[in-house]
Amino acid sequence: MAYGIYAIALRLFGGRVVDGWTSTIVVVAFLCGANMLMTGIVGLYVGRIFAEVKHRPLYVVAKCTGFDRTAEFLGRGAAEEPRAARAVSR
């Protein structure tokens, strides 16, 4: 944006510029700025998606049976029971 303002000021206040240079510079500066703005917005969007996905668990347990509360917090328990239950249900 600053370069576009510089190009307009140079044209208005008597700088030696080629015909068409000022309009080309202003259009290119505007479009590049819009492109960078949109890229930044998409980057923020993708970053928030990444942060949301990162906090999800690797698996979801629908039902826990046969565990006491201390074994759940310590990460111990009958891990084979769900596999056996799935094998029987299939």
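Brief remarks on what is shown
- The set of residues from the range 31-90 being part of a helix (DSSP H, G or I), at pLDDT 70 or above and among the basic types (K, R) comprises R48, K54.
- Any chance R11 is in a helix (DSSP H, G or I) and basic (K, R): yes
The values are calculated or read from the model by the stated rules, or taken from the named source; none is laboratory data. Since this is a predicted model, take the numbers as computed values, not measurements.
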